[in-house]
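Rule-based calculations on the coordinates, nothing more; no lab input. Quick caveat: nothing in here was measured; it's all calculated off a predicted structure. Positions of Cβ are backbone-derived with ideal geometry, glycine not excepted, and every protein chain shown enters the neighbour counts.
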């Protein structure tokens, strides 16, 4: 998709300076901002394209869970309790 923005000269200069300070083109910097504001629904694509970012996001997701949630017992996850009619 192509998107055209009409910017004032001042705003254009500000965007260029912000991008340059990060070592990016304006397009790259705006794409990063867009990804932060509206991230993709899935991070699966990052496993191949950016494994470090995938790992960072996966760890953040894992850490977001309550660590005080009780674990299931061995009985609760046993084959017999999952498939009682196949014993």
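A simple spin-label model places the labels of residue 50 and residue 67 2.8 nm from each other, with each point 7 Å out along Cα-to-Cβ. Oblate is the label for region 41-87. Its Cα gyration tensor axes, ordered a ≥ b ≥ c, give a/c of at least 1.5 and b/c at or above a/b. With R₀ fixed at 41 Å, the C-beta to C-beta distance from residue 21 to residue 43 puts the FRET efficiency at about 0.90. Once the Cα-Cα distance is subtracted from the 0.36 nm per residue extended length, the residue 35 to residue 79 segment shows a gain of 11.6 nm.
The alpha-carbon positions of the chain define a convex hull whose volume is 196 Å³ per residue. Computed per residue of the chain from DSSP H runs no shorter than four, each worth -39500 (n - 2.57), the mean residue ellipticity at 222 nm is -15000 deg cm²/dmol. Peptides 55-67, 23-35 ranked from most to least packed give 23-35, 55-67, packing being the mean of other C-beta atoms within 10 angstrom over each peptide's residues. Rounded to whole Å, give me the distance from the Cα center of region 47-86 to that of region 5-46. So the separation of the two Cα centres works out to 34 Å.
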